[in-house]
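First the structure, in the form of structure tokens, and then the observations on it.
The values are calculated or read from the model by the stated rules, or taken from the named source; none is laboratory data. Computed from a predicted structure; not experimentally measured. Cβ coordinates were reconstructed from backbone atoms using ideal geometry, including for glycine residues, and neighbour counts include every protein chain displayed.
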């Protein structure tokens, strides 16, 4: 099903989503490596993608030596914290594959402040993507989730981070939330070549209805609109309704 530039695909089970996503990962990584010699992916935390990361870790023959893994966003907690997105990624995927350490790019959270942490990640992105001032890094693949409130990455409804048009990475201080956060901004996400949302569970049904119908464009997930890349929502039957 298509709605504007987004494609919405419904699967009977999450396992079917993982297999479809595996095929996409394999094809996109092969194409990127053929063109420029390496493949870049920015991955999200949360509960939904855990099954995919575990599945991906079992796939044989993927070119991990030429793959660079980044995180879309992070809580300002130590890497060993159960709330760390990088910690979850390390447990479910990174510790199970032969990925060179230099190809793993977590957001450093042992910095003095969330502001310093965001600035450091910005510098790392600019260095690794060799991007000059005003030029956005171009990820081959970005994997996102969506919250019941419509948030994606650490971009929450009504927050200043949604208005950011120049910075690559911003600190997010929510006040009421348990942890401050660091996130890639909408310009970086929307500059990616392939963006996938993984959505599962009945509790996501209401927000997916809003996104598919285009009824609330203030939702952060509705602001994900790739400039030139593809946008695909992969939903299980529970989330699709």
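Conditions (1) in a strand (DSSP E or B); (2) out of contact with any helix residue (DSSP H, G or I) (no Cβ under 8 Å at 6 or more places or on another chain); (3) modelled with pLDDT under 95; (4) on the phi < 0 side of the Ramachandran plot, marked per residue:
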position	(1), (2), (3), (4)
197	yes, no, no, yes
216	no, no, yes, yes
221	no, no, no, yes
233	yes, no, no, yes
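Under 6 Å between Cβ atoms, which residue pairs at least 6 apart in sequence (or on different chains) link something in the stretch 7-26 that is in contact (Cβ under 8 Å) with a residue 60 or more places away in the chain and at positive phi with a partner that is surrounded by 16 or more Cβ atoms within 10 Å (Cβ to Cβ) and in a helix (DSSP H, G or I)?
Filtered contacts from the stretch 7-26: no entries.
Applying the selection to the stretch 45-64, what residues are touching a helix residue (DSSP H, G or I) at 6+ places or on another chain (Cβ under 7 Å) and assigned to a loop (DSSP other than H, G, I, E, B)?
Answer for the stretch 45-64, where residues must be touching a helix residue (DSSP H, G or I) at 6+ places or on another chain (Cβ under 7 Å) and assigned to a loop (DSSP other than H, G, I, E, B): 45, 57, 59, 62, 63.
When you go through 71, 135, 116 one by one, which is the residue that is at pLDDT 95 or above and either in contact with a helix residue (DSSP H, G or I) (Cβ under 7 Å, 6 or more places away or on another chain) or closer than 25 Å to residue 193 by Cα (or both)?
71
So how many residues does the stretch 154-167 have that are surrounded by fewer than 21 Cβ atoms within 10 Å (Cβ to Cβ) and either assigned to a loop (DSSP other than H, G, I, E, B) or within 14 Å of the chain's Cα centre (by Cα) (or both)?
8
What number of residues within the stretch 21-36 satisfy the criterion of being farther than 24 Å from residue 11 by Cβ and in contact with a strand residue (DSSP E or B) (Cβ under 6 Å, 6 or more places away or on another chain)?
The number of residues fulfilling the criteria is 2.
Just to check your reading of the model, which residue among 146, 114, 142, 135 is over 13 Å from the mean Cα position of the chain (by Cα) and touching a residue at least 40 places away in the same chain (Cβ under 8 Å)?
The unique qualifying residue is 114.
Residue by residue through the stretch 168-191, note down the ones that are crowded, with 17+ Cβ neighbours inside 10 Å, out of contact with any helix residue (DSSP H, G or I) (no Cβ under 6 Å at 6 or more places or on another chain) and part of a loop (DSSP other than H, G, I, E, B).
179, 185, 191
Could you check the stretch 126-141 and list, in sequence order, the residues that are touching a strand residue (DSSP E or B) at 6+ places or on another chain (Cβ under 9 Å) and not in a loop (DSSP other than H, G, I, E, B)?
128, 141
Could you tell me whether residue 108 is crowded, with 16+ Cβ neighbours inside 10 Å and outside any loop (DSSP other than H, G, I, E, B)?
Against the criterion (crowded, with 16+ Cβ neighbours inside 10 Å and outside any loop (DSSP other than H, G, I, E, B)), residue 108 does not qualify.
Could you tell me which numbered condition residue 115 fails, if it satisfies all but one of (1) in contact with a strand residue (DSSP E or B) (Cβ under 7 Å, 6 or more places away or on another chain); (2) surrounded by fewer than 18 Cβ atoms within 10 Å (Cβ to Cβ); (3) within 20 Å of residue 49 (Cβ to Cβ)?
Just one mismatch for residue 115, condition (3).
Return a yes/no flag: does the stretch 65-78 have any residue that is closer than 29 Å to residue 15 by Cβ and in a helix (DSSP H, G or I).
There is at least one residue in the stretch 65-78 that is closer than 29 Å to residue 15 by Cβ and in a helix (DSSP H, G or I).
Quick check on my filter: what residues within the stretch 37-59 are loosely packed, with under 14 Cβ neighbours inside 10 Å and either touching a strand residue (DSSP E or B) at 6+ places or on another chain (Cβ under 9 Å) or at pLDDT below 95 (or both)?
Of everything in the stretch 37-59, just one residue is loosely packed, with under 14 Cβ neighbours inside 10 Å and either touching a strand residue (DSSP E or B) at 6+ places or on another chain (Cβ under 9 Å) or at pLDDT below 95 (or both), namely 47.
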